[in-house]
Amino acid sequence: MSAAVPPASVPRHVAIIMDGNGRWARQRKLPRLKGHERGAESVRSAIRSCRDAGIQYLTLYAFSVENWSRPKAEINGLMRLLRTFLRDRAQELHDDHVRLRVTGRMQDLPAAVQKALNRVMADTAAYERGTLILALSYGGRAELVDATRRIAAEVKAGTLAPDAIDEQTIADHLYLPDVPDPDLLIRTSGEMRLSNFLLWQLSYSELYVTDVLWPDFRDDEFQRALAAYAGRHRRYGGLA
Ligand code: IPE
Ligand code: IPE
Ligand code: MG
């Protein structure tokens, strides 16, 4: 861990909107998929940075529900890349005792991708040193819709009273209810928006936006984000 970031100021959960792969490729007159390929190397780098910093949860926005509107060739390329990543990186997750989880409408993914994910998730389910969460076919609004449907079903079944619904009820019905909210949200490539990521969970997260494109976001940039986080004063609406 970098000496500049004292342990008490290390976030427990970092979430990243990995943006800018296409721009990285365009700047080099390369096909967009080359940017995604290089971006996969940054994913590996981010996992290592989290391991070395003692960050417990890393959530990566890898594919949004809205990303299904991209050209089929790009979607196929991303799905292929995901399978390659799972094949090539599973051993590192084992070595580092990192558990893989998925958030999102996993049922929308191609069967082969679901199979590869399920295999790695099952193989790493017992690990507790760190958790890597891939947001796949994920949308913050979709997650709230899915939670609402399940809450409504409980109300209809008579097991939940409408008056008993509170914030905890909603949190308990999200995709990964046991995962703490992100402390730090990083977005690369300079866009100042959430793009439908973790709408509920990011309510009090610290935001860090950098112009660096995701394929160029490596450990030095990660350390910069951690240093910025360490200098933040979280107030949660109070005066403390
Ligand atoms: C992020 O890079 C990766 C995904 C959304 C899958 P983009 O593909 O959005 O890259 P830009 O924003 O076009 O540069
Ligand atoms: C957000 O990036 C989604 C992911 C990083 C997976 P996008 O490139 O899809 O978001 P917009 O289009 O800039 O809002
Ligand atoms: Mg983008």
Which members of the stretch 1-26 meet the condition of being at pLDDT below 95, outside any helix (DSSP H, G or I) and not polar (S, T, N, Q)?
Met1, Ala3, Ala4, Val5, Pro6
Residue check, Val43 against (1) modelled with pLDDT under 95; (2) within 14 Å of Ala135 (Cβ to Cβ); (3) among the β-branched types (Val, Ile, Thr), all met but one. Which one?
(1)
Of all the residues that make up the stretch 102-128, how many are touching a residue at least 40 places away in the same chain (Cβ under 8 Å) and surrounded by fewer than 19 Cβ atoms within 10 Å (Cβ to Cβ)?
2
Check the stretch 137-157 and report whether any residue there is over 21 Å from Gly20 (Cβ atoms), small (Gly, Ala, Ser) and crowded, with 16+ Cβ neighbours inside 10 Å.
yes
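For (1) farther than 21 Å from Leu176 by Cβ; (2) more than 16 Å from ligand 1 (Cβ to nearest atom), each residue gets a yes or a no:
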residue	(1), (2)
Arg12	no, yes
Trp24	yes, no
Arg48	yes, yes
Gln56	no, yes
Gly77	yes, no
Leu81	yes, no
His97	no, yes
For Ile75, all conditions in the list (1) in contact with a Gly (Cβ under 8 Å, 6 or more places away or on another chain); (2) within 16 Å of ligand 2 (Cβ to nearest atom); (3) not aromatic (Phe, Trp, Tyr) hold save one; what is the number of the exception?
(1)
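How many residues are within 16 Å of ligand 3 (Cβ to nearest atom) and either outside any strand (DSSP E or B) or without any contact (Cβ under 8 Å) to a residue 60 or more places away in the chain (or both) if we restrict to the stretch 32-66?
Summing the residues that are within 16 Å of ligand 3 (Cβ to nearest atom) and either outside any strand (DSSP E or B) or without any contact (Cβ under 8 Å) to a residue 60 or more places away in the chain (or both) in the stretch 32-66 gives 13.
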Criterion: within 14 Å of ligand 1 (Cβ to nearest atom), loosely packed, with under 15 Cβ neighbours inside 10 Å and among the hydroxyl-bearing types (Ser, Thr, Tyr) - qualifying residue of Ser69, Ser42, Ser64:
Ser69
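Residue check: is Leu86 surrounded by 14 or more Cβ atoms within 10 Å (Cβ to Cβ), within 12 Å of ligand 1 (Cβ to nearest atom) and either modelled with pLDDT of 95 or more or in a helix (DSSP H, G or I) (or both)?
no
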Among the residues of the stretch 176-199, which ones are touching a Gly at 6+ places or on another chain (Cβ under 7 Å) and either of a type in the set (D, E, K, R) or more than 23 Å from Gly39 (Cβ to Cβ) (or both)?
Leu199
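Got a sec? Which helices (runs of 4 or more DSSP H) wholly within the stretch 136-240 have at least 2 residues that are under 23 Å from Arg48 (Cα atoms)?
219-230
The values are calculated or read from the model by the stated rules, or taken from the named source; none is laboratory data. Remember, predicted model here, so these are calculated numbers, not experimental data. Note: ideal-geometry Cβ built from the backbone for every residue, glycine included; neighbour counts use all protein chains shown.
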